[in-house]
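Please read the structure below before turning to the comments.
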Amino acid sequence: MVRFSELITSITEGNTSNAIELTKKALEANVPAKEILDNGLIPSMEIVGSHFEKSEIFFPELLMAADAMKASIELLRPELSEKEGAYVGKYVIGTVQDDAHDIGKNIVILMLEGNGWDITDLGIDVSPEKFCDVIEKGNFDILGLSALLTFTMPKLAETISALKTAGLREKVKIMVGGVPVTQSYADQIGADAYAKNAIEAVAKAKSLVNK
């Protein structure tokens, strides 16, 4: 029997070896990778993000949890990255400037890849200027902006503003997400969609290209 609570604890405590062992056991027990993601990794991400935001843990603990999360993700990647259906579109994604966190972003990428999206990952700490440059030169359907911290949320608005100033806003649909981000804030800054988790991100992305 798979105990997702043990996997969650291992990841949130940054115990990489335990996280790997429990993830392997779940896969060996024929638990679908998506189920492990939904019941183990995503809850872990939410807990870690909340604890960091409340200063209940600090950057070293966050990095340890991120390493454990990434180790589990790599084990799930082969199954999650298998295309489920036809090509949907091109999606570029990055974590905003001054934010060095990519746990949630990486899970979103896995889910999008598994659902037919061609993904370009810009990584972390991406400036508004860099986002503008990529959108100007590329041909993307959706731009995904991620912010994990309250004090980096304004960079979401700054990036959208920079795209408007550069005359690029209408070239791409914009999705935002991250622990402190809400639907209300997404509406306030003029994003096209908000997703509270990776599963919702897939549905929202598809709805944007079907409009």
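The values are calculated or read from the model by the stated rules, or taken from the named source; none is laboratory data. Because the structure is a prediction, the values reported are computed rather than measured. Please note: Cβ atoms are built from the backbone with ideal geometry, for glycine as well, and neighbour counts cover all protein chains shown.
Report, by residue number, each residue of the stretch 189-211 that is of a type outside the set (A, V, I, L, M) and without any contact (Cβ under 8 Å) to a residue 12 or more places away in the chain.
E200, N210, K211
Going residue by residue through the stretch 53-63, is there one that turns out to be touching a residue at least 40 places away in the same chain (Cβ under 8 Å) and buried (at least 17 other Cβ atoms within 10 Å of the Cβ)?
Scanning the stretch 53-63 turns up no residue that is touching a residue at least 40 places away in the same chain (Cβ under 8 Å) and buried (at least 17 other Cβ atoms within 10 Å of the Cβ).
What about L163, is it within 13 Å of the chain's Cα centre (by Cα), crowded, with 19+ Cβ neighbours inside 10 Å and at pLDDT 95 or above?
Considered against the rule, which asks whether it is within 13 Å of the chain's Cα centre (by Cα), crowded, with 19+ Cβ neighbours inside 10 Å and at pLDDT 95 or above, L163 comes out as no.
Right, L110: under 22 Å from H51 (Cα atoms), crowded, with 17+ Cβ neighbours inside 10 Å and outside the structural domain of A66 (by TED's automatic domain parsing) or not?
Criteria not met by L110.
Those residues that are in contact with a Gly (Cβ under 8 Å, 6 or more places away or on another chain) and surrounded by fewer than 20 Cβ atoms within 10 Å (Cβ to Cβ), I need them from the stretch 198-211; list them, please.
Result: V209, single match.
Restricting attention to the stretch 38-52, which residues are surrounded by fewer than 20 Cβ atoms within 10 Å (Cβ to Cβ) and either assigned to a loop (DSSP other than H, G, I, E, B) or not aliphatic (A, V, I, L, M) (or both)?
D38, N39, P43, E46, S50, H51, F52
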